[in-house]
């Protein structure tokens, strides 16, 4: 009995080893930060951007690149990723993925087949940002080295986040949202475009990060419009902004209107609420959009007497008209692509489910001629640190001298 | 029987038994049937569940503190009684190994990816074995001890994702898919409230019949409410398509938690909810299972057979389920029939006979 107890005690020590089951040491894996998916004939070409940990957090930094990229092709995404081990020295770990980039050509051919792996695999978390490399292949884009942020994937991701928050014409799209809009009726998908200024070859060298004004830089712009899983085209900056106004995705942005004397007045929008209401009138579906904006005066580059309530009202009117123009431009661009990126179909489904059941199969033909009524209300709240414009006094002085 | 549970412990056991296993599947099942009305399916299920519990409460009242299995023997006679008990224990057996499979599958899929399924399953089966050998009173107390943690995790999960909720996801409210919304209550009730029939066998351990009946109702209603809130959270945050796509939507919900980009990757709190609830559920079902078998074989002590039965359950869990897809087909098909038979038809017969044989009793 005593021997049995000793034996039991010894074997119970094995329980302490359970944490070592399938343990992976940090030195045996590489962390992929970005993943690019391109079409290579029938195959998919997958490129990963992996960290070079010694260059990011080491004691002595050399001039070696902070990241490396590896590519492999395979009939499916999963096969291609496993094939990466042929070129990458260690096993690739996808759990820290920050960014997934599709080449523009690939996006035009359709991205639907690539999504299953991304959501099914347990190693991939679904909180990465997805973007399209505009006018470029995905692998070229993620090979670019960036200054400031040592890891290019982080740079793109934080740019997307901050520009959505402060500038508005971009939108961060995560996997869940993309799949929801690609696979359900009544709303089409969009993805933010990322493009490169400068030569792609220059950008892959470490020298690129040594200039204050790097020869190759990554920019964010424009929203890519999908129909189904295929990229149809791009909304320009103004239309992209309109898209964000309509989908109530503006947290902070600026807008300007002309004064009467050729200068401009700019306002900072700090609150924007949009209400989208679908309705069916005489059997015809229509959409009513109501945008409510609160803004502060940010920059007056003309002579205006802001102390008069009438002036403020005029500026508000102009801003309202401009917002309506932006939104309408965006709608007509999307209607031209025959892609319901705003979710108008969903709005009609919500307000009149029975009618939607009848028209949902013909939605593609109804949508381009859909009647959309845009209303805007702008309220100007604060004047900034000063009340009257500086330029007015400057102008008066120059007039006197003349 | 010297072991006693109080009313509170019984309530906790009811909640744990309803939530165990189901909490992680239900948002997905409900959304697959009812689409944006998935949460309404849960309201129907809870109402139906309350009626089922009222039926069970009638049985508890008539049993009046007597042991469930021996009462069946008295009511139906030696042979018919044995057949009914055998049917019930078979149902409990399927239930137990299916739940063991479910928790092991979840852990090996989401948390310990490299560890073989068999190892996880064996360790859980052994833990359950140890637990039931301590008796139902210890299980009840353990449940009571873990209950606040479980509820805290569930509360945290819902509160932390509420900022991502988009309530347009649940509109139009109950306009489309009406019939599917109602049909969806069937599989949901069969994995939640109908399984509570197992608890009938431990009601004789509750020190006060009145508090057992009250606990049954309160526990059932509370867990229905929790399931409703979780499903609502899944649909509003993940979207209809998202909830239906995931095998474990509530885990995906946990992955969405992000506070100031700082508190992130805390989805394991979801796993806590599941570990606690399903462990207690496994303990109770296995306890009742061993009791049923011992009763059939006229053994004095249920512990005698507990070790071989635990191994039996472990083997069943690794051999009976070919793959995940088969398990979903089972939940949405054969299991409904099993649950309705064991959880509704058998209790109805038992209650009927109890009412007729009132004088004999």
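The values are calculated or read from the model by the stated rules, or taken from the named source; none is laboratory data. The structure displayed is predicted, hence computed values, not measured ones. A quick note on method: Cβ atoms are made from the backbone with ideal geometry, for glycine too, and the neighbour counts reach across all protein chains shown.
Structural remarks
- Qualifying residue in the stretch A:184-201 (condition: over 20 Å from residue B:257 (Cα atoms), in a helix (DSSP H, G or I) and within 15 Å of the chain's Cα centre (by Cα)): no
- Some residue of the stretch B:158-180 being within 30 Å of residue B:206 (Cα to Cα) and touching a helix residue (DSSP H, G or I) at 6+ places or on another chain (Cβ under 6 Å): no
- Within the stretch B:240-265, the residues that satisfy the criterion of being modelled with pLDDT of 80 or more, in a loop (DSSP other than H, G, I, E, B) and either more than 13 Å from residue B:106 (Cα to Cα) or within 10 Å of chain A (Cβ to nearest Cβ) (or both) are B:246, B:247, B:256, B:257.
- Test: residue in the stretch A:216-228 that is in the same structural domain as residue A:324 (by TED's automatic domain parsing) and in a loop (DSSP other than H, G, I, E, B): no
- Checked against (1) within 14 Å of chain A (Cβ to nearest Cβ); (2) crowded, with 17+ Cβ neighbours inside 10 Å; (3) touching a helix residue (DSSP H, G or I) at 6+ places or on another chain (Cβ under 6 Å), residue B:118 meets all criteria but (2).
- Test: residue in the stretch A:316-323 that is touching a residue at least 60 places away in the same chain (Cβ under 8 Å), closer than 30 Å to residue A:188 by Cβ, assigned to a helix (DSSP H, G or I) and within 14 Å of chain B (Cβ to nearest Cβ): no
- Taken as a whole, the structure leaves residue B:351 outside the set of residues that are surrounded by 18 or more Cβ atoms within 10 Å (Cβ to Cβ), more than 14 Å from every other protein chain (Cβ to nearest Cβ), at pLDDT 90 or above and part of a helix (DSSP H, G or I).
- Applying the condition of being touching a residue at least 40 places away in the same chain (Cβ under 8 Å) and part of a helix (DSSP H, G or I) to the stretch A:114-139 and asking which residue is farthest from the other protein chains (Cβ to nearest Cβ) yields A:139.
- Yes/no for residue B:97 being within 12 Å of another protein chain (Cβ to nearest Cβ), in a helix (DSSP H, G or I) and within 21 Å of the chain's Cα centre (by Cα): no
- Top-ranked residue of the stretch A:328-385 - restricted to ones that are assigned to a loop (DSSP other than H, G, I, E, B) and over 24 Å from residue B:170 (Cα atoms), ranked as farthest from the other protein chains (Cβ to nearest Cβ): A:383
- Selection of the stretch B:36-69 for residues being over 19 Å from residue B:345 (Cα atoms), over 24 Å from the mean Cα position of the chain (by Cα) and part of a helix (DSSP H, G or I) yields only B:36.
- Index of the failed condition, residue A:52 passing every other in (1) away from chain B (no Cβ under 14 Å); (2) modelled with pLDDT of 85 or more; (3) surrounded by 15 or more Cβ atoms within 10 Å (Cβ to Cβ); (4) farther than 29 Å from residue A:237 by Cβ: (2)
- Any hit, the stretch A:140-160, residues being under 15 Å from the mean Cα position of the chain (by Cα) and part of a loop (DSSP other than H, G, I, E, B): no
- From the options B:49, B:34, B:20, residue that is at pLDDT below 90, in contact with a helix residue (DSSP H, G or I) (Cβ under 6 Å, 6 or more places away or on another chain), buried (at least 23 other Cβ atoms within 10 Å of the Cβ) and more than 26 Å from residue B:122 (Cα to Cα): B:34
- Test result for residue B:338, crowded, with 22+ Cβ neighbours inside 10 Å, part of a helix (DSSP H, G or I), within 16 Å of the chain's Cα centre (by Cα) and away from chain A (no Cβ under 14 Å): no
For (1) at pLDDT 85 or above; (2) touching a strand residue (DSSP E or B) at 6+ places or on another chain (Cβ under 8 Å); (3) outside the structural domain of residue A:153 (by TED's automatic domain parsing), each residue gets a yes or a no:
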site: A:58; (1), (2), (3): no, no, no
site: A:68; (1), (2), (3): yes, yes, no
site: A:72; (1), (2), (3): yes, yes, no
site: A:79; (1), (2), (3): yes, no, no
site: A:82; (1), (2), (3): yes, yes, no
site: A:90; (1), (2), (3): no, yes, no
